[in-house]
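The values are calculated or read from the model by the stated rules, or taken from the named source; none is laboratory data. In this text, all values refer to a predicted model and were calculated from it rather than measured experimentally. Backbone-built Cβ (ideal geometry, glycine too); neighbour counts: all protein chains shown.
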Amino acid sequence: MSKLRAEHLYKVFGRRPDEAVARLEGGADRDELRANGTTAAVIDASFAVEAGQIFVVMGLSGSGKSTLLRMLNGLLEPTAGRVLFDDDDLTALSPRDLRRVRSHKISMVFQHFALFPHRSVLENAGYGLEVQGVPREERVRRATEALELVGLAGWEKSWPDELSGGMQQRVGLARALATDADLLLMDESFSALDPLIRRDMQDQLLQLQKRLKKTIVFITHDLNEAMRLGDHIAVMRDGRIVQVGTAEDILVTPANDYVASFTQDVDRSRVLTAGAIMAEPSEVLGTETDDGTRLDTERDVLAAAPATVTTDTPIIELFGPCSRSGVAVAVTDDDGALVGAVTRARLLAVLGEPDTGGGGAAPPADGTPDESRTGKKVITGA
């Protein structure tokens, strides 16, 4: 069961929005409506977010991504379609029930921090709990724990203007975490930060996610950020979602020329991982090493491999081992068990430079990653 689902969401601003939706369903485009003074901000958006997943919505300014996010927690009412959270239809709730869901189950982290200048760091972190009516003693305890999680222990009595931009955003994140909400909505939360601080915040979020396993919808216009953070990514253009998939899906098999234009300058070696390109262990069993040693068992493959990596390892780290040996690099799970192997031919083939003399099977002709072998987050070095 998906934690969050959007089903055929539309948001139209202007005159006769219901009529506009009918026209869009009939094939009208955004420009036709705009000529009549109507703006279609989101058009027929559908997707599902699994529990514990970071789902990134990426698009340029004006693509509709922030409007979409605000429909997910009821800040904007959809013109058509519905939002289901734990299978409850948020679009059918009364205003009172919707406020209760927003205060207890859904937290939002904004781009511009949204801190109260007259409240201390601790008071800002505990504000959501105050709205919930949590007693002061518990509020202080939970806010203090949340600040410690984001690396701000010792700053509880400080004022927002005493903090750097990155630290202020950490307070905003702590405020969202303190409520222990099931769903975090993050709207361009790091885009106002300097590049180095932004990367630090991305690292912080990934570290927290490993520990807390929250369900997160993250809005960004930056492809590198989307690929670094997203378990799944939805690409938006002119109000429509044009592709949903993993970073590997979007990079290797873009749905159209628009998506391809986003990814054309991306360094595949830093985005694709060993888990995305590896062959099944059975594909290297029975082969021989350079010195004639036969690899009959998975233990033989592990013993002969020039290196052992995990599914998360970016393929840029495989170049060295593959160049030094004709034997496949072993890919293991968290318990050290063999789950796949990357040959030199397979590594070059996914980069568009197939080596017909190497061993092992190449990826499919269309470059599509085998999803049965890609179960973990993409790690990028960009």
Discussion item. I need the full set of residues from segment 202-225 which are of a type in the set (A, V, I, L, M, F, W, C) and at pLDDT 90 or above, in order please.
Written reply: LEU205, LEU206, LEU208, LEU212, ILE216, VAL217, PHE218, ILE219
Practice prompt. Give the residue, chosen from ASP300, ASP312, ASP231, ASP265, that is touching a helix residue (DSSP H, G or I) at 6+ places or on another chain (Cβ under 8 Å) and either in contact (Cβ under 8 Å) with a residue 40 or more places away in the chain or at negative phi (or both).
Written response: ASP312
Item to complete: Please work out which residue is farthest from LEU149 (Cα to Cα), limiting yourself to segment 100-128 and to residues that are among the charged types (D, E, K, R) and under 23 Å from the mean Cα position of the chain (by Cα).
Response: ARG102
Worksheet item: Among the residues of segment 25-36, is there at least one that is touching a Lys or Arg at 6+ places or on another chain (Cβ under 7 Å) and among the polar types (S, T, N, Q)?
Response: no
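Per-residue answers, yes or no, for (1) part of a strand (DSSP E or B); (2) touching a residue at least 60 places away in the same chain (Cβ under 8 Å); (3) out of contact with any Phe, Trp or Tyr (no Cβ under 9 Å at 6 or more places or on another chain); (4) surrounded by 14 or more Cβ atoms within 10 Å (Cβ to Cβ):
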{"residue": "MET1", "(1), (2), (3), (4)": "no, yes, yes, no"}
{"residue": "TYR10", "(1), (2), (3), (4)": "yes, yes, yes, yes"}
{"residue": "ALA20", "(1), (2), (3), (4)": "no, no, no, yes"}
{"residue": "LEU24", "(1), (2), (3), (4)": "no, no, no, yes"}
{"residue": "GLY37", "(1), (2), (3), (4)": "no, no, yes, no"}
{"residue": "ASP44", "(1), (2), (3), (4)": "yes, yes, no, yes"}
Worksheet item: How many of the residues in segment 52-94 are aliphatic (A, V, I, L, M) and under 20 Å from ILE250 (Cα atoms)?
Response: 5
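Quick test for you: out of VAL244, VAL284, pick the one residue that is touching a residue at least 12 places away in the same chain (Cβ under 8 Å), β-branched (Val, Ile, Thr) and in contact with a Gly (Cβ under 9 Å, 6 or more places away or on another chain).
On the way: VAL244 fails: in contact with a Gly (Cβ under 9 Å, 6 or more places away or on another chain).
Just one listed residue meets the conditions, VAL284.
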Worksheet entry | Filter pass, SER107 being of a type in the set (Ser, Thr, Tyr), closer than 22 Å to LYS214 by Cα and surrounded by 18 or more Cβ atoms within 10 Å (Cβ to Cβ) | yes
Worksheet item: Picking from GLY172, GLY154, which residue would you name as being surrounded by 20 or more Cβ atoms within 10 Å (Cβ to Cβ) and either assigned to a helix (DSSP H, G or I) or of a type outside the set (Val, Ile, Thr) (or both)?
Response: GLY172
Discussion item. Taking the criterion of being in a helix (DSSP H, G or I) and under 26 Å from VAL57 (Cβ atoms), would at least one residue in segment 108-124 satisfy it?
Written reply: no
Worksheet item: Would you call GLU162 over 21 Å from VAL56 (Cβ atoms) and of a type in the set (D, E, K, R)?
Response: yes
Practice prompt. Go through LEU68, LEU84, LEU76, LEU33 for me and flag whichever is farther than 19 Å from GLN243 by Cβ, surrounded by 14 or more Cβ atoms within 10 Å (Cβ to Cβ), of a type in the set (A, V, I, L, M) and under 20 Å from the mean Cα position of the chain (by Cα).
Written response: LEU84
Fill in: Filter result for VAL131 (closer than 25 Å to PHE85 by Cα and not acidic (Asp, Glu))
yes
Worksheet, complete the sentence: Per the list (1) within 22 Å of VAL12 (Cβ to Cβ); (2) buried (at least 24 other Cβ atoms within 10 Å of the Cβ), residue check on ARG237 breaks on (2)
Worksheet item: Does segment 46-61 hold any residues that are part of a strand (DSSP E or B) and surrounded by 14 or more Cβ atoms within 10 Å (Cβ to Cβ), and which are they?
Response: PHE47, ALA48, VAL49, ILE54, PHE55, VAL56, VAL57, MET58
Discussion item. Return the residues of segment 186-197 that are surrounded by fewer than 24 Cβ atoms within 10 Å (Cβ to Cβ) and in a strand (DSSP E or B); say none if nothing qualifies.
Written reply: ASP187
Worksheet item: Residues of segment 200-225 being charged (D, E, K, R), assigned to a helix (DSSP H, G or I) and more than 25 Å from PHE116 (Cα to Cα), which ones?
Response: ASP203, LYS210, ARG211, GLU225
Response to the item:
Subset of segment 63-78, residues part of a loop (DSSP other than H, G, I, E, B), in contact (Cβ under 8 Å) with a residue 60 or more places away in the chain and over 13 Å from MET108 (Cβ atoms), comes to SER63, GLY64, PRO78
Practice prompt. Give just the number: which of (1) more than 27 Å from LEU206 (Cα to Cα); (2) of a type in the set (S, T, N, Q); (3) out of contact with any helix residue (DSSP H, G or I) (no Cβ under 6 Å at 6 or more places or on another chain) does GLN53 not satisfy?
Written response: (1)
